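Contents: one structure, followed by commentary.
The values are calculated or read from the model by the stated rules, or taken from the named source; none is laboratory data. This is a predicted model, so every value here is computed, not measured. Note that each Cβ is placed from the backbone with ideal geometry, even for glycine, and that neighbours are counted across all protein chains shown.
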Amino acid sequence: MTVVGTTPPPRLPVRDRTGAREQAQGGVSPMLTRLADEHATGVLDREFGTLHLAEGRVVHAESPLAPSLGMLLTAHGALDAETWQDVEDSADEGRLLRYGVTPGALELAQVSALYDAAYFALAPSSTPGRFRYGTPHWLASVHPVTVAGLERETMRRRALLRHIWPDPATDGARLVRADPVAAPAVPSRQAAVLERVDGVRRAADIARELGRPAFHTLVHIRRLAAAGLVSPQPPPAPDPPPDVGADPYVALLKRVRDALEAL
């Protein structure tokens, strides 16, 4: 008997679930992901903040919407403002330790400031980022974090805020208090935030005054918004439309008459 061989059918394509997960998690900043793959060192400037990289890892972050590392250290008495300025001007991590900041306290404050500022720096933006190659930041050795880990934490924080209260309007607006008849009691840390809501301050202002990370302040504010205690300052009422039916010559004569009467 002759056995005739047949070519086996081609294998069906199988979806790479690992790759899909990595793609979904790495969508915060494609440029940052490329810089990590390149092991780049320098500064990535974005619309809402700056990320410092050393060999593809993020070692420091800054944002005008988040208290700086210096603010966090000085707000709670670890350093005074003059001492921090001296350390920052010298760009010497060792001076922090000589001034009495323990390595553990420095690492905790640095990683807190890094994740906090990076959350805002990685916010969706309408302007492209710009990377400048250069030397590592002077705090590069304190607590570097991977880009993948930073993006996962950023996505986790976004999801947490949406879960608490889906409207992001309170994040950047001036805030006003709403005093319901039966206001619920709030924890002390939320109460400290609520005390500073005055129609002028924004979340970033409150975070700086309290010496707390800005993201933690956003969490408190969204919880207060969900409880009906805080809302964004409403926009000012628009100016009334001009009276298109008025005769401009009559209005001019009226202004001339008023001026003559005032003489």
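Among the residues of segment 67-97, how many are outside any helix (DSSP H, G or I) and in contact with a Phe, Trp or Tyr (Cβ under 8 Å, 6 or more places away or on another chain)? Step through it out loud before you land on a result.
Let us first name the residues in segment 67-97 that are outside any helix (DSSP H, G or I), namely 67-68, 76-80, 91-92.
After this cut, where a residue has to be in contact with a Phe, Trp or Tyr (Cβ under 8 Å, 6 or more places away or on another chain) as well, the list is 79, 91-92.
Selection size over segment 67-97: 3.
Search segment 87-104 for residues that are farther than 17 Å from Gly77 by Cβ and pair each with any residue that is outside any helix (DSSP H, G or I) when their beta-carbon atoms are under 8 Å apart and the residues are at least 6 apart or on different chains.
Sorted first by the residue in segment 87-104, then by its partner, the pairs are Ala91/Trp138; Asp92/Trp138; Glu93/Trp138; Glu93/Leu139; Glu93/Ser141; Glu93/Val142.
Test Glu62 against the stated conditions and say whether it is farther than 19 Å from Ile206 by Cα and of a type in the set (Asp, Glu). Give the steps one after another, and end with the answer.
Numbers: farther than 19 Å from Ile206 by Cα: no; of a type in the set (Asp, Glu): yes.
It is false that Glu62 is farther than 19 Å from Ile206 by Cα and of a type in the set (Asp, Glu).
Select, from Gly104, Gly94, the only residue that is in the same structural domain as Tyr119 (by TED's automatic domain parsing), surrounded by fewer than 12 Cβ atoms within 10 Å (Cβ to Cβ) and at pLDDT below 90.
Values: Gly104 fails: at pLDDT below 90.
Only one candidate passes the filter, namely Gly94.
All but one of (1) over 21 Å from the mean Cα position of the chain (by Cα); (2) in a helix (DSSP H, G or I) hold for Pro136; state the number of the condition that does not hold.
Only one criterion in (1) over 21 Å from the mean Cα position of the chain (by Cα); (2) in a helix (DSSP H, G or I) is unmet by Pro136, namely (2).
Do the conditions hold for Ser125, that is, is it more than 21 Å from Arg212 (Cα to Cα), among the small types (Gly, Ala, Ser) and in contact with an Asp or Glu (Cβ under 7 Å, 6 or more places away or on another chain)?
Details: more than 21 Å from Arg212 (Cα to Cα): yes; among the small types (Gly, Ala, Ser): yes; in contact with an Asp or Glu (Cβ under 7 Å, 6 or more places away or on another chain): yes.
Answer is yes for this residue.
Mind listing whichever residues of segment 173-221 are outside any helix (DSSP H, G or I), without any contact (Cβ under 8 Å) to a residue 60 or more places away in the chain and under 27 Å from Ala109 (Cβ atoms)? Before you say what the answer is, go through the steps one by one.
Initially, segment 173-221 is screened for residues outside any helix (DSSP H, G or I), giving 173-187, 196-202, 211-213.
Restricting the remaining residues to those that are without any contact (Cβ under 8 Å) to a residue 60 or more places away in the chain gives 174-187, 196-202.
Across segment 173-221, the qualifying residues are Leu175, Val186, Pro187, Arg196, Val197, Arg201, Arg202.
Counting just the residues of segment 158-206 that are closer than 14 Å to Ser231 by Cα and of a type in the set (Val, Ile, Thr), which one comes out surrounded by the fewest Cβ atoms within 10 Å (Cβ to Cβ)?
Looking at the filtered set, the residue picked out is Val200.
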